[in-house]
């Protein structure tokens, strides 16, 4: 793989971001409310608009920001929450990152790369728990090339469960590749390519990454451009909050989203919000240099929902169950559930071992427990993958989403996937509340919708699977 950055330039204008924050400092109430009125139109926000909301120090106006985020999320996504699980394929890595347990600096970590048979075993465990969407995670080791990654994706897709078939959506989080490498992943039919910049502040980035390909800030920054060029039109970005000033990171991340929108007609399919957690062998993660409170974290998520209303927002099990439940109300639309963060963990009965994990997990609930609590909150668990298999991705998906497509198609498909989960995997108590929840959802639709889905549900209850619009 060739890494050539001579022709690359950063689209993150550090000076401009600081000037924007300075201009937005101590905004008056009228400006904040004008910005919220703009957010209510569900057309996104400028960097200055986001800075105004971020710099607001009035607690009562913050409450209005949170309220508007709830309104926008409800209007676009309804009560749907997409669920997935990460599957760690390898923790071997050639980088020295001062905040990560996978770093070559960590000599205590037990290194492992799964074989094809071990991958199948992990996938079978995940399938038999009800998971249908996986994020494959790879350490950034030079020998783990694109062809090998594509082969592991094929292994996942080819592994069948005893109940309702195979994994239906495989997303990938791996080292940035060249266009040729991304083309191999596209041919392997991956869903979203996910890669986090970690920090968008270039000088800080250089201080934190000491060795390996990851030292190249511009190569990583332009990863999504190369993925798009290779045909992967669903990409996921994120920043690791705690490494640098959260205000800068949020505006830079939104600038990244705008860059993708301008260049490729659609911004990122997803944005993630990992927050620095303690990791073995990484002193910086124990005392984050720019730690943020839960309150500030909630504000970051709410502002992102207003700035990028049609983008999927992801929250991992780094955060507690209680905080994740709150964040669902403020903009999060996708949750990882029952995560385990090292290779082979799902088939390991002693999986909760700090000598192998990438970071500490705060939410230890099982998938069934997560599903049960979502229903208790009136939310609709979803494993829908219809859009990806119908080629409704990238700019095509975003255009339809802005026309109300998500509400009209994704919610009914979510109901169908939830019913499938209840029939094949759920505990008795989850089945009880879940079936009642589905019935209440059908009661709110038109007579035509209730009749159509009533027939699909009967077909599913009779044994058919994978039904979707």
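In table form, for the structure just shown:
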{"quantity": "Total residues in segment 270-318, condition over 29 Å from residue 49 (Cα atoms) and assigned to a strand (DSSP E or B)", "calculated": "2"}
{"quantity": "Options 430, 417: the member that is at pLDDT 90 or above, out of contact with any helix residue (DSSP H, G or I) (no Cβ under 7 Å at 6 or more places or on another chain), outside the structural domain of residue 106 (by TED's automatic domain parsing) and in a helix (DSSP H, G or I)", "calculated": "417"}
{"quantity": "Qualifying residue in segment 352-360 (condition: surrounded by fewer than 22 Cβ atoms within 10 Å (Cβ to Cβ), under 21 Å from residue 411 (Cβ atoms) and in the same structural domain as residue 266 (by TED's automatic domain parsing))", "calculated": "no"}
{"quantity": "Residue within segment 52-62 that is within 30 Å of residue 177 (Cβ to Cβ), in contact with a helix residue (DSSP H, G or I) (Cβ under 8 Å, 6 or more places away or on another chain) and assigned to a helix (DSSP H, G or I) present", "calculated": "no"}
{"quantity": "In segment 4-24, the residues that are exposed (fewer than 11 other Cβ atoms within 10 Å of the Cβ) and outside any helix (DSSP H, G or I)", "calculated": "4, 6, 7, 9"}
{"quantity": "Hits in segment 342-368 - residues which are modelled with pLDDT of 90 or more and part of a loop (DSSP other than H, G, I, E, B)", "calculated": "342, 343, 344, 345, 346, 347, 362, 363, 364, 365, 366"}
{"quantity": "Residue match in segment 66-82 (condition: closer than 19 Å to residue 305 by Cα, more than 24 Å from the chain's Cα centre (by Cα) and assigned to a helix (DSSP H, G or I))", "calculated": "no"}
{"quantity": "Test: residue in segment 169-178 that is assigned by TED's automatic domain parsing to the domain that holds residue 228, assigned to a loop (DSSP other than H, G, I, E, B), surrounded by 20 or more Cβ atoms within 10 Å (Cβ to Cβ) and in contact (Cβ under 8 Å) with a residue 60 or more places away in the chain", "calculated": "yes"}
{"quantity": "Test: residue in segment 296-305 that is closer than 19 Å to residue 171 by Cα, crowded, with 16+ Cβ neighbours inside 10 Å and in contact with a strand residue (DSSP E or B) (Cβ under 9 Å, 6 or more places away or on another chain)", "calculated": "no"}
{"quantity": "Pair list, Cβ < 7 Å and 6+ apart or interchain, from segment 434-457 residues that are more than 22 Å from residue 424 (Cα to Cα) to residues that are modelled with pLDDT under 75", "calculated": "450/442"}
{"quantity": "Close pairs (8 angstrom Cβ cut-off, 6 or more residues apart or separate chains): on the phi < 0 side of the Ramachandran plot in segment 116-140, assigned to a helix (DSSP H, G or I) and surrounded by fewer than 17 Cβ atoms within 10 Å (Cβ to Cβ) anywhere", "calculated": "116/151"}
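The values are calculated or read from the model by the stated rules, or taken from the named source; none is laboratory data. Quantities reported herein were computed from a predicted structural model and do not represent experimental measurements. Heads up, the Cβs are rebuilt from the backbone with ideal geometry, glycines too, and the neighbour counts pull from every protein chain shown.
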